[in-house]
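Comments concern the structure below.
The values are calculated or read from the model by the stated rules, or taken from the named source; none is laboratory data. Here the structure is a predicted model, which means the values were calculated and not measured. In this analysis, Cβ positions are derived from the backbone assuming ideal geometry, glycine residues included, and neighbour counts consider all displayed protein chains.
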Amino acid sequence: MVLPSGFTVPPLPALAVLLAGVAAAAVALARERPPLTDRTVLAFAPWMALGSAAYVCYQLDLLPAAVTPFASAPAVYGSTFVVAVAVWLGARRTDSPKRVLAGVGLLALSVPVALTARYGTMNDSFAPLWPLFALLAGFLLGAVCWVALRRFRPADARAVDGAGALVLFGHALDAATTAVGVDALGFGEQTPLSRLVMEFAAGLPTAPTLGVGWLFVLVKLAVAVAVVALLADYVREAPTEGFLLLALVAAVGLGPGAHNLLLFTVATP
């Protein structure tokens, strides 16, 4: 998945509040222009997963009515952006801004994770085995891609540093969870381009034994490695802008991967 399906527009009052918040956050960033480094991108990792985790709670109807409009998709990504920017700018006034940013993000992420786990336990639908396998596979695949990048493009790997590694892990997680969801758990793929790749794989002789997700995994990882390598020059020339692009690319992988991981733990097709 690149983005969760089921996008809805929130009611007009909530939409107005959200747009005002996004505008205020954007103005604050433009005024302060905080530098963005690879460590800052890593500190934002919990926030990249937070929006998707909150969206899972929205899908499962676990949120209070006042919060629900701000947790639908795509509104939840704007809501997360506003809160993350506020925390980031506030953290910059502390002695350990990156630790504060990451710590608050982890605490915020723990709320939808706990709500989802409680839902699964109460409804006897808590089934973490396959999601855990997908998580481990994501770590392994991301590590393999990072080692390959360091081996064959060492200068690029040094330039992107931890932010590049996060991109590879995020997209490896998305690829692994999507493949597990389709081949092992019976979920359907909602993204048209990803679905085309899987439909092509379904026509190959390997489909009865390997399923259809393996080709999507290979394509996804190849694209992720290529994008990281291409952005390395941009990072060297304009670090803040380059790391911002890496953060966005990481979020496009890590967010959907976290969504799949959490939803598959408690939901059935």
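Just checking, does the stretch 94-106 include any residue being among the charged types (D, E, K, R), farther than 11 Å from V266 by Cα and not in a helix (DSSP H, G or I)? Break it down into steps so the answer makes sense when it comes.
Pass one, the stretch 94-106, residues among the charged types (D, E, K, R): 95, 98-99.
Retained after the next criterion (residues that are farther than 11 Å from V266 by Cα): 95, 98-99.
Imposing the further condition that a residue be not in a helix (DSSP H, G or I) reduces the set to 95.
Within the stretch 94-106 (the criterion being among the charged types (D, E, K, R), farther than 11 Å from V266 by Cα and not in a helix (DSSP H, G or I)), the answer is yes, since at least one residue qualifies.
For the stretch 69-105, name all the residues that are within 14 Å of the chain's Cα centre (by Cα) and hydrophobic (A, V, I, L, M, F, W, C).
Residues satisfying the conditions are A73, V76, F81.
A86 passes all but one of (1) crowded, with 18+ Cβ neighbours inside 10 Å; (2) closer than 23 Å to L254 by Cα; which number fails?
Against the list (1) crowded, with 18+ Cβ neighbours inside 10 Å; (2) closer than 23 Å to L254 by Cα, A86 comes up short only on (1).
Under the condition of being at pLDDT 95 or above and β-branched (V, I, T), which residue from the stretch 220-248 is surrounded by the fewest Cβ atoms within 10 Å (Cβ to Cβ)?
The extreme case among them is V223.
P192 - would you say it is exposed (fewer than 14 other Cβ atoms within 10 Å of the Cβ) and either at pLDDT 90 or above or of a type in the set (G, A, S) (or both)? Working first, answer last.
Values: exposed (fewer than 14 other Cβ atoms within 10 Å of the Cβ): yes; either at pLDDT 90 or above or of a type in the set (G, A, S) (or both): no.
No.
With among the β-branched types (V, I, T), assigned to a helix (DSSP H, G or I) and under 22 Å from P256 (Cβ atoms) as the only criterion, which of V87, V113 stands out?
Working: V87 fails: under 22 Å from P256 (Cβ atoms).
None of the others qualify; the one that does is V113.
If we keep just the residues of the stretch 190-212 that are touching a residue at least 12 places away in the same chain (Cβ under 8 Å) and of a type in the set (S, T, Y), which is nearest to A179 (Cα to Cα)? Explain how you work it out, then say what you get.
Start the filter on the stretch 190-212 by keeping residues that are touching a residue at least 12 places away in the same chain (Cβ under 8 Å), which leaves 190-191, 193-194, 197-201, 211-212.
Pick out the ones that are also of a type in the set (S, T, Y) and you get 191, 194.
Details: T191: 13, S194: 11 Å.
My answer is S194.
For the stretch 64-83: of the residues being among the polar types (S, T, N, Q) and in contact (Cβ under 8 Å) with a residue 12 or more places away in the chain, which is surrounded by the fewest Cβ atoms within 10 Å (Cβ to Cβ)? Steps first, please.
Initially, the stretch 64-83 is screened for residues among the polar types (S, T, N, Q), giving 68, 72, 79-80.
Narrowing the set further to residues that are in contact (Cβ under 8 Å) with a residue 12 or more places away in the chain leaves 72, 79-80.
Values: S72: 21, S79: 24, T80: 25.
Filtering first and then ranking leaves S72.
Please go through the stretch 29-48 and pick out each residue that is in a helix (DSSP H, G or I), farther than 12 Å from F81 by Cα, of a type in the set (A, V, I, L, M, F, W, C) and touching a residue at least 24 places away in the same chain (Cβ under 8 Å).
Passing the criteria: V41, L42, A43, A45.
Looking at A247, is it in contact (Cβ under 8 Å) with a residue 12 or more places away in the chain, more than 30 Å from G120 (Cβ to Cβ) and touching a Ser or Thr at 6+ places or on another chain (Cβ under 9 Å)? So that I can check it myself, show each step before the final result.
Numbers: in contact (Cβ under 8 Å) with a residue 12 or more places away in the chain: yes; more than 30 Å from G120 (Cβ to Cβ): yes; touching a Ser or Thr at 6+ places or on another chain (Cβ under 9 Å): yes.
Spelling it out, A247 is indeed in contact (Cβ under 8 Å) with a residue 12 or more places away in the chain, more than 30 Å from G120 (Cβ to Cβ) and touching a Ser or Thr at 6+ places or on another chain (Cβ under 9 Å).
Sort out which residues of the stretch 93-133 are of a type outside the set (G, A, S), without any contact (Cβ under 8 Å) to a residue 60 or more places away in the chain and more than 24 Å from P64 (Cβ to Cβ), and write them in order of number.
Restricting attention to the stretch 93-133, the residues satisfying the condition of being of a type outside the set (G, A, S) are 93-95, 97-101, 104, 106-107, 109, 111-113, 115-116, 118-119, 121-124, 126, 128-133.
Keeping just the survivors that are without any contact (Cβ under 8 Å) to a residue 60 or more places away in the chain gives 93-95, 97-100, 104, 107, 111, 115, 118, 121-122, 124, 129, 132-133.
Within the stretch 93-133, R93, T94, D95, P97, K98, R99, V100, D124, L129, L132, F133 qualify.
At pLDDT 95 or above, among the small types (G, A, S), out of contact with any Ser or Thr (no Cβ under 8 Å at 6 or more places or on another chain) and not in a loop (DSSP other than H, G, I, E, B): is that true of A258 in this structure? First the steps, then the outcome.
Details: at pLDDT 95 or above: yes; among the small types (G, A, S): yes; out of contact with any Ser or Thr (no Cβ under 8 Å at 6 or more places or on another chain): no; not in a loop (DSSP other than H, G, I, E, B): yes.
So A258 fails the test.
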